[in-house]
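**Q** Before we start, here is the structure in question, set down as structure tokens.
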Amino acid sequence: MTLPLAHLGHWLWIFYLLPVLIVVAGVLRSSWLERRNGRSRHREGRSR
Amino acid sequence: MSYLPLAHALLVKEDLPIPAWLFAWAASIVLIASFFALSLAWRRPRFEQEGWRPWAAALSKVLLGPPMQVLCGAIGVFLLGVGVYAGLEGTEAPDRNLAVTFLFVTCWIGFPFFSALLGDIFRPFNPWRAIGRLAGGGFRLLAGQPAGRLRYPERLGRWPAALGLLAFVWLEVVYGSTGGGVAVGLDPHVVGRAALYYTAYTLAMMALFGVEAWCERGEVFSVYFGMFAELSPLSVKDGRLGRRRLLSGAAHWATIPGSAAVVIASLSSTSFDGAQEGAFKGPIEDLFNKLSDAGFGLVTALRLSDTIFMALTFALIGLVYLVGVRGMGGVAGSPSQRKLRIGFAHSLIPIALAYLVAHYFSLFVYQEQAQFTYLLSDPLGTAATDLFGTASGGVDYKVLGANAVWYVQVAALVIGHVLGLVLAHDRALVYWSDYRKATQSQYWMLAVMVAFTCFGLYLLSSTA
């Protein structure tokens, strides 16, 4: 039986895109965490 | 009609120890590790001051003195003349005519490589600058006063050079492109005529705005090669040759409007040249078929579809950079978007050089063999001359192994992007006095660098 891999080459770009997506996701997450921490620090400062 | 193999897909990689896409993952890891190393060990800006030190005055006197300037200018004008003459009078076969290889390989690829190592070496050889200075000197002698000049519009900045750069590459990769069953080829006669038109345009602009003002902002080749020269540790200041901190020259290059467009034009034109016969081949052919079905002639449809994809590549690369800048703007204490856009453009210069090395390194090695053998002895390609006895020489394609080329390409891309990160990190330390904020702003530049690295490797893997 032959696996239908003839068109696999058309999808190789996904392997090049994945590292970019991982880094972008990491950047977005760290930005979101930073913003959340900033807001909570701001709230703490006001409550004092 | 034959044509130069400018798509540089001359070799097919042999079996690599790991799949090509894994190199993109490895390169991304190198970038991430470099990023964290920078954030730990690089906590004050180092490139704002060049740390320039002059070399011996006698050396500057010999290398930069009037006799050397006249000699270099004369060589530049002579070579331009030879190129134009070969283009107009030589064979129509681009691979046998000196004009195409000389202009698009020896100069276009050679000057960036050597400028990055040795500084602005194009400046003394610039034929248009030499003619302009000679004409200006002649006018001063006859009229007894310097010619009147218009003030160069500040807002125009380097935009004429950016557009000229795109036009030059368009001539090579779109006007002379092949595809969709149509082989147009870059006619050397067109190259010769284009060089004459460009000469007339450049001299007119120099007459209007002054030789040095136009060379600094509008003259395509001065701006383009000069941009790479900013990476070099060698530079000239107040007529003295000296040494400065590596990469430090680039720090203030992009302050003139339009500089970001120049470096993005460089990146996008190299990317498009690589993608044209690889990643973009299918979509370009689809558009070509649609346009030819819509009634456009074959050549027009081919050029139109290539032009659209070239413009899209420019827009895409510009967009990735702007997304990075936008992200940095969200970090507390950030300067204005405009300041960020200008302030980080220089970090793309090493990447532009890396893309050039990665895409054209093998082409340069192969075509220079042609340049210094049969093209030099028979510049017109008519088989009528053998000036140096090398007209029967050829290109040895075995001089570089396919895998060696691939490793040079990967190394160039990784080193170029790490240097880009270094320049961006250094600039962030100027804009954010708190190094933690500076590091935080650079998460976005890291994403931009990883995107450009993976895109570059994808283009190379899909053409080689």
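**Q** Count charges around B:Pro45 for me, please; just the other residues with Cβ under 12 Å from its Cβ, Lys/Arg as +1, Asp/Glu as -1.
**A** Around B:Pro45, the surrounding residues sum to +3.
**Q** Report, in deg cm²/dmol and to the nearest 500, the calculated mean residue ellipticity at 222 nm for the protein assembly as shown, where each DSSP H run with n ≥ 4 adds -39500 (n - 2.57) and the sum is divided by the residue count.
**A** Here the helix-only value at 222 nm equals -21500 deg cm²/dmol.
**Q** Measuring from the lowest to the highest alpha carbon on each principal axis, how far does region B:193-324 reach, largest first, in angstroms?
**A** Principal extents (Cα only, largest first): 61, 38, 22 Å.
**Q** Also, I was wondering about something else. What does the net charge come to around B:Pro257 if you take all other residues with beta carbon closer than 14 Å to its beta carbon, with K and R at +1 and D and E at -1?
**A** Around B:Pro257, the charge tally is +4.
**Q** I want to check a number: in the protein assembly as shown, how many lysine pairs have alpha carbons closer than 20 Å, given a sequence separation of 8 or more or different chains?
**A** For the protein assembly as shown, the number of qualifying lysine pairs is 5.
**Q** If you don't mind, there's one more thing I want to ask. At a Förster radius of 60 Å, what calculated FRET efficiency corresponds to the Cβ-Cβ distance of A:Ala25 and B:Leu142, to the nearest 0.05?
**A** Result of the calculation: an efficiency of 0.30.
**Q** Also, I was wondering about something else. For B:Ser433 and B:Ala41, what does the FRET efficiency come to when R0 = 22 Å and r is the distance between their Cβ atoms, rounded to the nearest 0.05?
**A** 0.75
**Q** Below 8 Å, C-alpha to C-alpha, sequence gap of six or more: please give me the relative contact order for chain B in percent.
**A** Contact order relative to length: 26 percent.
**Q** Which parts of region B:121-160 would a label at B:Leu203 reach, counting a residue when its backbone N lies under 17 Å from a point 7 Å out along Cα-to-Cβ?
**A** B:126-140, B:147, by backbone N distance to the label point.
**Q** In addition: If you add up the charges near B:Ser248, with Lys and Arg at +1 and Asp and Glu at -1, over every other residue whose beta carbon is less than 13 angstrom from its beta carbon, what do you get?
**A** Surrounding charge for B:Ser248 is +3.
**Q** Using Cα centres only, tell me the gap between region B:307-363 and region B:181-254 in whole Å.
**A** First find each Cα centre; the distance between them is then 20 Å.
**Q** Name the long-range amide H neighbours of B:Arg158: under 5 Å, sequence gap of 5 or more, or other chain; modelled H, no Pro or chain starts.
**A** Long-range HN contacts for B:Arg158: B:Gly258, B:Ser259.
**Q** Something else about it: Quick one: if the Förster radius is 41 Å, what FRET efficiency do A:Asn37 and B:Leu312 give, using the C-beta to C-beta distance and rounding to 0.05?
**A** The computed FRET efficiency comes out at 0.55.
**Q** Something else: Take B:Leu322, B:Leu103 and order them by how many other Cβ atoms sit within 10 Å, fewest up front.
**A** B:Leu322, B:Leu103
**Q** Let me ask something additional. Restricting to DSSP loop positions (anything but H, G, I, E, B) with no more than 16 other Cβ atoms inside 10 Å of their own Cβ, which chymotrypsin sites (Phe, Trp or Tyr not before Pro) remain in region B:337-385?
**A** Sites meeting the loop and neighbour criteria: B:Phe372.
**Q** Need one number: nm distance between label points at B:Ser336 and A:Leu17, each 7 Å from Cα along Cα→Cβ, rounded to one decimal.
**A** 3.7 nm
No value in this document is a laboratory result; all are computed from the given coordinates. Please read all numbers here as calculations on a predicted model, not as lab measurements. No Cβ is skipped: glycine too gets one built from the backbone with ideal geometry, and neighbour counts run over all protein chains shown.
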